[in-house]
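Working notes for the structure below.
The values are calculated or read from the model by the stated rules, or taken from the named source; none is laboratory data. Please read these numbers as outputs of a predicted model, since none were measured by experiment. Here the Cβ positions follow ideal geometry from the backbone for every residue, glycine too, while neighbour counts run over all protein chains shown.
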Protein chains: 6
Amino acid sequence: MLEFKTVKIEVPQDCNVILGTAHFIKTVEDLYEALVNAVPNVKFGIGFCESSGPCLVRHEGNDERLRQLAAEKAFELSCGHSFIVFMKNAYPINVLDKIKHVPETCVIYAATANPLQVVVAETEQGRGVVGVIDGSKSKGIENEEDILARKEFLRKIGYKLA
Amino acid sequence: MLEFKTVKIEVPQDCNVILGTAHFIKTVEDLYEALVNAVPNVKFGIGFCESSGPCLVRHEGNDERLRQLAAEKAFELSCGHSFIVFMKNAYPINVLDKIKHVPETCVIYAATANPLQVVVAETEQGRGVVGVIDGSKSKGIENEEDILARKEFLRKIGYKLA
Amino acid sequence: MLEFKTVKIEVPQDCNVILGTAHFIKTVEDLYEALVNAVPNVKFGIGFCESSGPCLVRHEGNDERLRQLAAEKAFELSCGHSFIVFMKNAYPINVLDKIKHVPETCVIYAATANPLQVVVAETEQGRGVVGVIDGSKSKGIENEEDILARKEFLRKIGYKLA
Amino acid sequence: MLEFKTVKIEVPQDCNVILGTAHFIKTVEDLYEALVNAVPNVKFGIGFCESSGPCLVRHEGNDERLRQLAAEKAFELSCGHSFIVFMKNAYPINVLDKIKHVPETCVIYAATANPLQVVVAETEQGRGVVGVIDGSKSKGIENEEDILARKEFLRKIGYKLA
Amino acid sequence: MLEFKTVKIEVPQDCNVILGTAHFIKTVEDLYEALVNAVPNVKFGIGFCESSGPCLVRHEGNDERLRQLAAEKAFELSCGHSFIVFMKNAYPINVLDKIKHVPETCVIYAATANPLQVVVAETEQGRGVVGVIDGSKSKGIENEEDILARKEFLRKIGYKLA
Amino acid sequence: MLEFKTVKIEVPQDCNVILGTAHFIKTVEDLYEALVNAVPNVKFGIGFCESSGPCLVRHEGNDERLRQLAAEKAFELSCGHSFIVFMKNAYPINVLDKIKHVPETCVIYAATANPLQVVVAETEQGRGVVGVIDGSKSKGIENEEDILARKEFLRKIGYKLA
């Protein structure tokens, strides 16, 4: 048996989601520390699918609502060694470096505020992430005007110097 | 609906392709900087699939042909938050570290000069990369003679010390 | 043609497996060095699927049994540019950082002691990893008691300070 | 001639200072980007001592007062290729990773809110940082009670899990 | 006042010492975690010179003798924000990456089993590391025979492939 | 005895020098690999001051003149565990990341094409780097016109996007 399914993830208002895989239940504590080291006042919840022994969804966080959401979504995914983070007061660019350096982290599948569909493979043994549909399909290729608007936007919000 | 398709990527002569995912339109400028910091005289084109708002393929580069190719291939992929880089005058080993450290980068799916098939998942919502077929299937396991030839080759081209 | 299959990987007693992708036959030597730099007395075998030219499984290691196992499993996978490491006397958290920094490394799909099923895509051209089933499905969400037990466990084995 | 001097740096209220060395005038733009990528709403000024050609103190920032302060202090230091960052709304732990990965960065000498004395070597040719006096001398070794207080403090402010 | 002194550090049999600077008392806990993540069964002691408030030497470790030694040597150094690690069952190459990535780490001055003299600057305000004398002066330049012996040695102990 | 001296380093035309410290004679081979992985056609010489046992200057490289120069300058420095790299066909920004990740690397003191004076501490035991005078003293703070010229220059040579 090998079946593919999609699990839908709606990202709460003003939040971002990060989906990845790691290993070992220590991951939830290490991700917690990575996030509080990344940004002052970041609020977040983490869920991690332990995949041996009790096979529980392990969870941590400093915001109860996001912690509960992360635990429930991780359980809905039920993909061994996957983790999911919902966060606010920070953007993925602020935290991804620190998450990549958590010693258990394997892969980051998505970091987004878009609606997300997780493509999941299921066998008799268990489930695993195979990819994500992150937001919408491309509608075209940017032209000269779009390029100028993009550059102006990034310089206006202060990410790039004019 | 969940369908899987393949998108074929032919890598131009003397070029390499890097396929990954990131997030945020700033990615194209950050990848640009990562590449020019990596190797003097590297020539490249970058395409990135923005997956919210206008959903345009964002592109940058310092070689018009490779930039156009990257934009077109990214559009053919149309996988939200994926990026594709075509480059010459440099090898992936020269640039991967810097690309991994771009704050938006999530995953690198391939870095290769081989013909590449990208396995894409498609739903009503959009599309996403689930994996790649990178070159050909294995034909055997190297024997003692093959091992010696491999070691000699790596030492002859200067990557390893004899 | 696009077919999906699973390849089963049984991890030997007291061992862990790491599955990822890289590029270039130099990968086997670089992974070898990454591992011996990571942990004194680590024992391991590495297999890597070269995907152009002779398309051989390249292998290295400092433990004959694990080297042979890695070569055979890599051949069974036959996914271009994938690598597999079997190791003992060390845990993935001890070596993942160094493996991620190997200049050829693209993605780490799994680092685990669980039974593993690798989901593989196959076309006329070749094969590629699309994901893994790492251990078992989640059985529930940890409750207050489970959380306490987890914290005590991590502090008892010395990974976290009380 | 080889003389040693100290330059005093008073860190403004609610600010931190980071002192390091890099090379190339691009450093000021790269440090700017590193900082805005690290923390939303971080405010900062950067000064960098160009040490060839016009030998100007190059400066950037998104807070005029901190930018001016950084430029003036860098000029007072006049140590070739040194940089100084004054910042608020963020702590050094939030930004050091990104600063270390700026491609021009060589060494970080200090990241602190303490009064700082920079020990400077001067020759006929120019000046260079040789070290820093960061805050005050140690007054003793923590005892059991101090250790408990430290652990409680770190767990109360949310950096470590109890 | 600006005076320079040397502090002598004798490294215990079968141990290595690492000397660096960081900031924030959390450093001792973060270094502890970095080390236990690096190598199974590593034994170590850490001392860190807090340089504001109580100005205590903070210490952690999983070996009482090395912990006491580290605390005493850190106190003898009394250089604000410096840390010292004595460790056994591991080599610096096994742990330096993880120590560099601790979010508080600034600079690593030495990682060695040699006798070490730390050059310290002292002012009325406090003390700071300015450099180290790590082992002995060079006695010559290796010739062809020495080069062969070096290469053979590194390949014999398994760090490089023949 | 504690004396301070300066050692002058003239960087050959079209070359850059990198000065740092590491440990273990394996450093010369690891730096060699780091450099050949960084940039195609980079030419370089490396010298490293072994500081125990035979205390020889270890050297590697792929350019005889630069190798000899590096060996001689390292011997002139005779600072235990220091290394020096002379290179051409590449800039420090292209290689520093890879050098920082060499498992033996401790600190990078300079990466420059400027005339360099290395400040060295000497005791009866040996010698150590305490800092560098990298180029010339600052002559002023850039004004609005200088800032515009700097930005235009960086965009003209392709390091930043307009």
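Would you mention how many residues in the range D:34-85 are hydrophobic (A, V, I, L, M, F, W, C), within 15 Å of the chain's Cα centre (by Cα) and farther than 18 Å from A:Gly158 by Cα?
Qualifying residue count, the range D:34-85: 11.
Keeping to the range B:39-53, report how many residues are in contact with a Leu (Cβ under 9 Å, 6 or more places away or on another chain), closer than 23 Å to F:Asn41 by Cβ and buried (at least 24 other Cβ atoms within 10 Å of the Cβ).
So the count comes out to 2.
Can you find even one residue in the range B:130-152 that is farther than 24 Å from C:Ala71 by Cβ and modelled with pLDDT of 95 or more?
yes
Residue by residue through the range B:54-99, note down the ones that are assigned to a strand (DSSP E or B) and either within 14 Å of chain A (Cβ to nearest Cβ) or crowded, with 24+ Cβ neighbours inside 10 Å (or both).
B:Leu56, B:Val57, B:Arg58, B:His59, B:Glu60, B:Gly61, B:Ser82, B:Phe83, B:Ile84, B:Val85, B:Phe86, B:Met87
If you take the residues of the range D:1-23 that are within 12 Å of chain F (Cβ to nearest Cβ) and at pLDDT 95 or above, which of them is nearest to E:His81 (Cα to Cα)?
Filtering first and then ranking leaves D:Gly20.
Condition first: out of contact with any helix residue (DSSP H, G or I) (no Cβ under 6 Å at 6 or more places or on another chain) and of a type in the set (Phe, Trp, Tyr). Now tell me which residues in the range C:116-162 satisfy that.
Listed by number, the list holds a single entry, C:Phe153.
Checking the conditions here, which among F:Val11, F:Val7 is among the β-branched types (Val, Ile, Thr) and part of a loop (DSSP other than H, G, I, E, B)?
It is F:Val11.
State all residues of the range E:47-77 that are among the basic types (Lys, Arg) and either within 20 Å of E:Val95 (Cα to Cα) or free of Cβ contacts under 8 Å to residues at least 60 places away in the same chain (or both); if no residue qualifies, say none.
Hits for the range E:47-77 are E:Arg58, E:Arg65, E:Arg67.
Name the single residue, out of those in the range C:100-113 being of a type outside the set (A, V, I, L, M) and farther than 12 Å from A:Thr105 by Cα, that is farthest from the other protein chains (Cβ to nearest Cβ).
Out of the qualifying residues, it is C:Thr105.
What pairs come out if I take residues in the range D:28-46 that are at the interface with another protein chain (Cβ under 7 Å from one of its Cβ atoms) and pair them with residues that are surrounded by 24 or more Cβ atoms within 10 Å (Cβ to Cβ) and part of a loop (DSSP other than H, G, I, E, B) whose C-beta lies under 6 Å away, six or more apart or interchain?
Cβ pairs passing all conditions: D:Asn37/B:Pro103; D:Val39/A:Val39.
Could you check the range C:118-162 and list, in sequence order, the residues that are facing chain A (nearest Cβ under 7 Å), outside any loop (DSSP other than H, G, I, E, B), over 22 Å from C:Val95 (Cα atoms) and in contact with a Lys or Arg (Cβ under 7 Å, 6 or more places away or on another chain)?
C:Arg150
Filter the range E:106-117 down to residues that are under 12 Å from the mean Cα position of the chain (by Cα) and part of a loop (DSSP other than H, G, I, E, B) and give me whichever is surrounded by the most Cβ atoms within 10 Å (Cβ to Cβ).
For the range E:106-117, the residue satisfying everything is E:Asn114.
For F:Gln13, which of the numbered conditions (1) closer than 23 Å to F:Asn114 by Cα; (2) under 14 Å from the mean Cα position of the chain (by Cα) fails to hold?
Against the list (1) closer than 23 Å to F:Asn114 by Cα; (2) under 14 Å from the mean Cα position of the chain (by Cα), F:Gln13 comes up short only on (2).
Only one of E:Phe24, E:Phe75 is touching a helix residue (DSSP H, G or I) at 6+ places or on another chain (Cβ under 8 Å), among the aromatic types (Phe, Trp, Tyr) and over 16 Å from F:Thr105 (Cα atoms); which?
Answer to the selection: E:Phe24.
Please indicate, with yes or no, whether at least one residue in the range D:22-44 is within 19 Å of E:Ser52 (Cα to Cα) and of a type in the set (D, E, K, R).
no
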